[in-house]
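The values are calculated or read from the model by the stated rules, or taken from the named source; none is laboratory data. These figures come from a predicted structure and were not determined experimentally. Positions of Cβ are generated from backbone atoms using ideal geometry, with glycine treated the same way; all protein chains shown enter the neighbour counts. All accessible areas refer to the heavy atoms of the entire protein, side chains included, with ligands and DNA or RNA removed. Shrake-Rupley method; radii C 1.70, N 1.55, O 1.52, S 1.80 Å.
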Amino acid sequence: MAQFQNILHIFEPAGAPVKGMRSAVSPAALPPGYFSQLTNLRFDELQLKVRNGATQLTSAVPVGPSGHTPIFQGAFSGSLQGSEVIIAAYQFSGLNPVWLFSLDPTAFTWTEITHDGSVDARNGDTRFTVAQPVSFSVVTDSAGKEMLVAQNGTDYPRIYDPSQAVHEQVSIHQPITPPTVTSTQQVLLDWPNKAPIWQANRVGVVYGNNPGTTGSIIMADIGSADNLAAQMTIGTSVASGNYSVFDWTIGAPSYNIAGSRQIVFIVNSTYLGLWSNLKIQLYNEGSGANVTVYDPSSPTSLTWPIYVTDVDPANTNTYAVAFSLDGLDTTSLAMTAWTAIRFTWVGGTAPSTEQTADFFLIAASGTILGGCQYGIAWENSQSRAESFGQFLTTNTATLQASAGTPNNGLTLPNSELLYYNSTVSYQNVSAAEIENGTDTLNIYRLDAGEINYDLAESVVVNTFVSNAWVTTNAGELLTQADTTATSDKITTRILPDAYHLPIPAGNCMVASNGRLFVGGVGTAKADVWISNYNYPTRFRQTVRFFSSSYADPYSPTVDTFPGEHVTGFSLITGSLIGVNTVAVFTDRATWMLNGNDATSLSAPSQVGRHGCPYPGTIANHLNSVYWVDEERQVRRYAGGSMSVISRNMIDDKLLTATLTNSSSAVANERYYLAYQPSGASTQTHTLIYEELYGEWCEDVLAAGDATGLVSVDTQPLRVIYAFAKGGQVYQTETPGQATDAGTAIPVVISTAELHNSMWNRVTNGAIGIVTDKVSDTLTITRTWKNKTGGTDGTITLSNAPLETAWLWETCTNNVQPGGSGLSVIITITGNLPAETQIYSLCTYLTSNGQSGASVG
């Protein structure tokens, strides 16, 4: 039997791999260098050191009702409309509503952004009515503006837009019920003021070389009363330069036709050479000023006449002809002094017989191509909620309604070759819908050759004035003119279909690839609703199909997971095609949604029968997704495979903890998992997984708790904010912060169970440490198996002699520390400033046993 003495290096980083905490492993089985407990310590720079302290950012709870304790219900941090925002949801004890608060990132003061609806409440009472955890997601609306969606799984979602006025920043995204009365579209050819063109007793004034003679161009009125029409007569002796003027000013103002695309004539005539011989000019009778609309002696592609023959099915000689104004000087067209149209003969050969043409209508056209179709939808401009689309029936005005004649019911043609003014007739929503904030009518138009109804006009119909909604025109029939040219329509917004639904109520959300995913929808919480591509506020329960076999790839869709509850989402950064994979967590399994078309998103694939009943534990970083599963194990999904990273490492802490309200975050290559230890009432403990080393340690907050964790992007490092149960907010691990909000940082180092390889009795001598020289004191505690004697001691760190870095444990009255037993666990505790470095730990061990025995 031989006796030997050995100095055991408990921790010596030089040349050794970093070792972490193994609280779930029997201390007797731990390899050298591993620890049973590491509290508030890091392996930064491969050096064991005390973590940075936590800074208390808010000393007061969120502004709320006095006498009621705040109860944290969720938080969000991130970029919104170019600025970093921090939003938190709080309930107050004894009260059901959940309020949303904004935290000023500079002054760290709270401001409620929801509203009770009592005063100046455009959006009514926007507080959540049911006290449940709130989830958040940033989405981009159809106008390209970012907004924050907040959900609690029961109430309609809330929409936060920080650019809105106070008390208007949060609105309720709820269904909109449009009126059931069928609305109509009317197409018109019209002068801007709808003044009558034909007047009894005098239609036109004749000018020319030989006015009134057979050879002239004669304009005269025929018929009487409502059937009065203008008739042009072309004689057999007409000569080049003969002209006649059609005067429209009698009883009516002059016209500005700058907004028109064409001059349109509806004519009945059998004379085929009419438009091959007449020059047409806008004309001022007083000044003689004119602008040529059409000259058959020098036609261009823009001015060549457009014929439309389907005007009067009963009379094939009645037709419309249009002359383009697009190529003319817009300055001339903008003049308001045009009083007439002048027709001048420029043909070379007179007709062999006298020819006549009856003019039923002469009008300026609008900017809307004929043959278009309309749909309308109502919108809450604050919440972006929109109703399902309604298609309009089309009718055309009679000639007489367009200031023409006769009154025989003849209507305007609706030709794709002509341009028109177009008017939408609609019924306003009810007073209840107005009070809900439904204020805007969106008019969508389908033009010839298009496949989508694109947004043409967006009209604010209902207004909020003097702190109240104006409801005097609720339910009334109203009209709105559409003057938007085809090229000016907003093609990025299309008409919601008849199956459109708003954002559903769900308990979790994520935005990705131009879509919003909402999970936990329905009474069974088994559905995931996925929005239309690039329309995060538009949903439907079935995929939209273009044909029986071709699904619209942009369509919304719904995935159902029977027998499972959807609890959360995470994103895995996309491949080369730039499409992210969406991980869907249920209480029983993990699923993946790959691709971005409706068909792919309708086919989730299961990647493992390990779900996540604790949604607050889900976090991701660099394509690594973390969560706590139904077995209370921390899972990690990375590189296409799922692994467990807590079993037989730190899962002993999770098996006894309260995890229902756990929270998590990732920052600086670390996964933080805050939990409530057994017997505690707050989440004072945080497990930290070091991604770089694959090792664990644990934080215990000296002040406050980590009921909610969010990560915030700052320079140079991402930081984590901890929301305490009582409403205070802390920045964890603040660089340069020596304490936890003024409270010293408690550290715990608990070694493996030190023993002889043959389990012969060992004797433990003093503990030695090399560290930064500070004034604090460390307490040394030994836990022996089959203990015989021995004393625990302390190390006063300020007592280091100048000639050595080593400090050794001492005991009261100079009693030697140590003891004797089959094994010993050494625990070192104390309160140390942040970033105190521990370079080395060692102890003397003496063992009696076989020669050559060693201490592990």
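Quick notes on this structure:
- Counted by Cβ distance under 11 Å from Cys372, the other residues give a net charge of -3, where Lys and Arg count +1 and Asp and Glu count -1.
- Computed as a quarter of the hull surface, the mean projected area of the alpha carbon convex hull for segment 569-623 stands at 4.0 nm².
- Subtracting the Cα-Cα distance of Thr177 and Ala481 from their residue separation scaled by 0.36 nm leaves 107.1 nm.
- Per-residue HN-Hα couplings for segment 314-325 [Karplus 6.51, -1.76, 1.60; θ = phi - 60°; Hz; x = Gly/Pro]: 7, 9, 6, 8, 8, 8, 10, 9, 10, 10, 6, 9
- Here Ile222 sits with roughly 50 square angstrom of accessible surface, probe radius 1.4 Å.
- Percent carbon-and-sulfur accessible area, the chain, ignoring ligands, DNA and RNA, probe 1.4 Å: 50 percent
- Hydrodynamic radius (Kirkwood) for segment 707-792, which is based on Cα pairs only, to one decimal in Å: 17.6 Å
- Spin-label pair Glu631/Ser287, simplified geometry with 7 Å Cα→Cβ offset, distance in nm: 9.1 nm
- When restricted to Cα atoms, segment 32-76 yields an Rg and a Dmax of 18.5, 56 Å, respectively.
- Cα principal axis extents for segment 532-642, largest first, Å: 47, 34, 24
- Here the calculated FRET efficiency for Lys785 and Val119, from their Cβ-Cβ distance with R0 = 51 Å, stands at 0.10, rounded to the nearest 0.05.
- Size descriptor, Kirkwood hydrodynamic radius, that averages inverse alpha-carbon separations across segment 602-702, Å: 13.9 Å
- Note on the chain: Cα Rg divided by 2.2 N^0.38 Å, N the number of residues, gives 1.44.
- According to the Kirkwood relation over distinct C-alpha pairs, the hydrodynamic radius of segment 589-647 is 12.2 Å.
- Positive-end residue, segment 1-138 charge dipole about Cα centroid, Cβ charges, pick of Leu46, Ile10, His68: Ile10
- Neighbour cut-off at most 16 other Cβ (10 Å), DSSP loop, trypsin sites (Lys or Arg not before Pro), segment 762-848: Lys773, Lys787
- Relative contact order %, the chain, counting alpha carbon pairs below 8 Å whose residues are six or more apart: 15 percent
- Difference of contour (0.36 nm per residue) and Cα-Cα distance, Glu435 to Thr796: 122.9 nm
- Rounded to the nearest whole angstrom, the semi-axes of the ellipsoid equivalent to segment 408-471, taken from the Cα gyration tensor as √(5λ), stand at 33, 16, 9, largest first.
- Pairwise label distance in nanometres, Thr140 with Glu354, each label 7 Å out on the Cα-Cβ vector: 7.1 nm
- A Förster distance of 60 Å, applied to the separation of the beta-carbon atoms of Asn813 and Asn668, puts the FRET efficiency at 0.80.
- Nearest-10 value in Å² for the accessible area of His9, using the 1.4 Å probe: 100 Å²
- Against the empirical curve 2.2 N^0.38 Å, the C-alpha radius of gyration of segment 643-768 lands at a ratio of 1.25.
- Each residue was assigned an accessible area with a 1.4 Å probe, and for Tyr844 the value is about 80 Å².
- Accessible area per residue (1.4 Å probe, heavy atoms of protein chains only) ranks Met758, Met21 as Met758, Met21, with the largest value leading.
- Relative frequency of Cα-Cα separations exceeding 22 Å in segment 384-524, percent: 56 percent
- Ranking by accessible area, most exposed first, for Val710, Val61 with a 1.4 Å probe: Val61, Val710
- Phi angles of segment 456-472 translate, via the Karplus equation with coefficients 6.51, -1.76, 1.60 and θ = phi - 60°, into HN-Hα couplings of 9, 9, 10, 10, 6, 9, 10, 10, 9, 10, 6, 6, 8, 7, 8, 10, 5 Hz per residue; Gly and Pro are given as x.
- Whole-Hz Karplus values for segment 151-164 come out as 9, 10, x, 10, 6, 4, x, 9, 10, 10, 10, x, 7, 7 Hz, taken residue by residue from phi with 6.51 cos²θ - 1.76 cosθ + 1.60 and θ = phi - 60°; glycine and proline positions read x.
- Ranking Asp527, Asp597, Asp488, Asp482 from most to least accessible surface, computed with a 1.4 Å probe over the protein chains only, gives Asp488, Asp597, Asp527, Asp482.
- For the pair Thr398 and Asp652, the difference between a 0.36 nm per residue extended length and the Cα-Cα distance amounts to 83.0 nm.
- Shape annotation for segment 60-155: C-alpha extents along the principal axes are 42, 30, 27 Å, from largest to smallest.
- Label point distance in nm, Ser775-Ser298, each placed 7 Å from Cα along Cα→Cβ: 10.1 nm
- Heavy-atom accessible surface of segment 723-798, averaged per residue, reaches 39 Å², computed with a 1.4 Å probe.
- On the beta carbon distance between Gln606 and Thr660, with R0 = 30 Å, the FRET formula returns roughly 0.75.
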